[in-house]
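Peer 1: Attaching a single structure in structure tokens format; questions to follow.
The values are calculated or read from the model by the stated rules, or taken from the named source; none is laboratory data. All figures in this text were calculated on a predicted structure; none of them were measured in a lab. Counting neighbours? That spans all protein chains shown, and the Cβs are built from the backbone with ideal geometry, glycine included. These accessible areas exclude ligands, DNA and RNA; they are computed on the full protein's heavy atoms, side chains included. Shrake-Rupley method; radii C 1.70, N 1.55, O 1.52, S 1.80 Å.
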Amino acid sequence: MAGILFIISAPSGSGKSTLVSELRKQVSGVDFAVSWTTRAPRGSEANGREYNFTTRDEFLRMVEAGLFLEHAELFGKHLYGTARTSLDDARATGHDLLLDIDVNGARQVRQKMPEAVGIFVLPPDPKQLRTRLRNRMRAEGDVDEDELYRRLDEARKEIENFRQYGYILINDILDRAVAQLEAIVLAERFYRNGEPIAYRSRRVLEVAAACLQTNSQERIKPVLEAFGILGDSGQQQLPFGDEPDDD
Ligand code: ADP
Ligand code: 5GP
């Protein structure tokens with residue numbers, strides 16, 4: 001494809017959709033692939049906007065017909081997939097394409113398109129992740145504790161794959177994370193396509209470079225430790241404990 005393929009992954013509730021929607025307000029020429037899913041729509045979601053919602057039978061028929069670029073089953077019950085047509089549409093316009101998909105889906109895409117740019121978003125710590133998930137469920141009017149803990153259980157497994165991504169963002173302060181995401185997109189356009197990035201160029205390139213995984217070890221260490229992934233914390237369970245949320 002003429003445009004750049006960006007893959008963004010994160011544990012559910014990290015703020016990936018929020019970041020992507022802010023990015024799309026600020027940077028033109030990035031298409032967002034609307035995935036297919038068998039999960040039920042949340043209160044504020046519309047069919048064809050956040051997702052194409054479908055039944056399990058129909059989804060499996062689409063898999064059989066080879067209509068997906070990638071697909072995966074998450075949280076032990078929902079199917080999610082990216083239609084090949086998303087890529088075709090972006091190719092036709094020459095736009096960049098952004099896929100918001102899980103680590104399994106990202107692996108499948110990378111095998112087919114190794115030039116894809118991977119961005120992994122980390123939540124600041126497990127407690128804030130739980131708070132964000134619960135706040136979102138409250139805002140959507142449906143707090144489902146089983147679903148909440150299924151998603152928290154997946155979080156650590158997802159984070160363990162962070163090394164497969166070229167860039168790492170920590171979504172702590174939203175404005176900063178949005179600026180970093182924007183810088184990554186502009187820097188990749190600059191390096192790959194020679195696209196000028198105006199007077200801010202040096203700063204943008206510095207911000208993007210600081211988010212490279214290879215330059216992020218110190219920055220992400222506390223987050224990984226909090227999730228029991230690095231160091232000798234010895235935590236086998238996610239350290240959510242029973243304390244109340246931060247809200
Ligand atoms: P994801 O797409 O990764 O599942 P969302 O974008 O839906 O996550 O965000 C989950 C919740 O966290 C939402 O209620 C959102 O408003 C909130 N949120 C996102 N980013 C931040 C942030 N930096 N600080 C505080 N809350 C945030
Ligand atoms: P949610 O149910 O919160 O919208 O999304 C849950 C997870 O599904 C997120 O990690 C998101 O990245 C992932 N996801 C969304 N669409 C797709 C897709 O098309 N393919 C894959 N593999 N994962 C997806």
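Peer 1: In this model, which of Lys157/Lys221; Lys77/Lys127; Lys25/Lys127; Lys112/Lys157; Lys127/Lys157 are farther than 19 Å apart at the alpha-carbon?
Peer 2: Working: Lys157/Lys221 16 Å; Lys77/Lys127 24 Å; Lys25/Lys127 29 Å; Lys112/Lys157 23 Å; Lys127/Lys157 16 Å.
Where the Cα-Cα span goes over 19 Å, the pairs concerned are Lys77/Lys127; Lys25/Lys127; Lys112/Lys157.
Peer 1: Related question: Specify which residue in the list Val109, Gln213, Gly15 is farthest towards the positive end of the charge dipole of region 10-242, using unit charges on the beta carbon of Lys, Arg (+1) and Asp, Glu (-1), about the Cα centre.
Peer 2: Towards the positive end, the residue furthest out is Gln213.
Peer 1: Continuing with the same structure: Which ³J(HN,Hα) values in Hz, rounded to whole numbers, follow from the phi angles of region 98-106 under the Karplus curve 6.51 cos²θ - 1.76 cosθ + 1.60, where θ = phi - 60° and Gly and Pro get x?
Peer 2: 10, 9, 9, 9, 7, 5, 5, x, 4
Peer 1: Follow-up. Please calculate the 1.4 Å probe accessible area of Asp89, with all protein chains present, and give it to the nearest 10 Å².
Peer 2: 100 Å²
Peer 1: If DNA, RNA and ligands are ignored and the probe is 1.4 Å, what is the ranking of Arg110, Arg130, Arg61 by accessible area, most exposed first?
Peer 2: Details: Arg110 55, Arg130 5, Arg61 140 Å².
So the residues, ranked largest to smallest area, are Arg61, Arg110, Arg130.
Peer 1: Next question, about the same structure. Accessible surface of Ser12 in the full protein assembly, 1.4 angstrom probe, to the nearest 10 Å²?
Peer 2: So the heavy atoms of Ser12 present about 20 Å² to solvent.
Peer 1: Can you tell me, using C-alpha contacts under 8 Å and at least 6 residues apart, the relative contact order of the chain as a whole percent?
Peer 2: 25 percent
Peer 1: In Å², and per residue, what accessible area does the chain have when probed at 1.4 Å with the other protein chains present?
Peer 2: Numbers: 12080 Å² over 247 residues.
About 49 Å² of surface per residue is accessible.
Peer 1: Using modelled backbone amide H atoms (1.01 Å from N, in-plane), which distant-in-sequence or interchain residues come within less than 5 Å of Leu5's amide H?
Peer 2: Correct list: Leu97, Val117.
Peer 1: Over the chain, what is the percentage of antiparallel beta bridges among all DSSP beta bridges, to the nearest 5?
Peer 2: Working: 9 of 28 bridges.
Given both bridge residues lie in the chain, the antiparallel proportion sits at roughly 30 percent.
Peer 1: Something else about it: To the nearest 20 debye, what charge dipole does region 136-222 have about its Cα centre, counting +1 at the Cβ of each Lys and Arg and -1 at the Cβ of each Asp and Glu? Spell out each step's value before the answer.
Peer 2: Working: 15 positive and 17 negative charges, 136 e Å.
Its charge dipole is roughly 660 debye.
Peer 1: Could I ask something else about it? Along Cα→Cβ, 7 Å out, is where each label goes; now give me the distance between the ones at Glu225 and Ser201 in nm to one decimal.
Peer 2: Simple spin-label model gives 4.0 nm for this pair.
Peer 1: Quick check: from the Cα gyration tensor, does region 43-128 come out rounded (a/c under 1.5), prolate or oblate?
Peer 2: Numbers: a/c = 1.43, a/b = 1.08, b/c = 1.33.
Cα axes put region 43-128 in the rounded bin.
Peer 1: Could you estimate the translational diffusion coefficient of region 10-242 from the Stokes-Einstein equation, with Rh from the Kirkwood formula over C-alpha pairs, at 4 °C and 1.567 mPa s, in whole µm²/s?
Peer 2: Working: Rh = 18.8 Å.
Estimated via Stokes-Einstein, D reaches 69 µm²/s.
Peer 1: Give a residue-ordered list of calculated ³J(HN,Hα) values for region 165-170 (Karplus: 6.51 cos²θ - 1.76 cosθ + 1.60, θ = phi - 60°; whole Hz; x for Gly, Pro).
Peer 2: 10, x, 10, 10, 10, 10
Peer 1: At a 1.4 Å probe radius, carbon and sulfur cover how many percent of the accessible area of the chain? Present the calculation step by step, with values, prior to reporting the outcome.
Peer 2: Numbers: 5830 of 12080 Å².
Carbon and sulfur atoms account for 48 percent of the accessible area of the chain.
Peer 1: Let me ask something else about it. In whole Hz and in residue order, list the ³J(HN,Hα) couplings for region 129-143 that follow from phi through the Karplus curve 6.51 cos²θ - 1.76 cosθ + 1.60, θ = phi - 60°; x for Gly and Pro.
Peer 2: 3J(HN,Hα) across region 129-143, in whole Hz: 5, 4, 4, 5, 5, 5, 4, 5, 4, 4, 4, 8, x, 8, 8.
Peer 1: Moving on. So how do Val143, Val109, Val63 rank on accessible area, 1.4 Å probe, biggest first, that is with the largest at the start?
Peer 2: Values: Val143 70, Val109 0, Val63 45 Å².
Solvent-accessible surface, decreasing: Val143, Val63, Val109.
Peer 1: Next question. Once you sort the root eigenvalues of the Cα gyration tensor of region 1-103 as a ≥ b ≥ c, which label holds: rounded (a/c under 1.5), prolate (a/b larger than b/c) or oblate (the other case)? Spell out each step's value before the answer.
Peer 2: Numbers: a/c = 1.82, a/b = 1.23, b/c = 1.48.
The shape class here is oblate.
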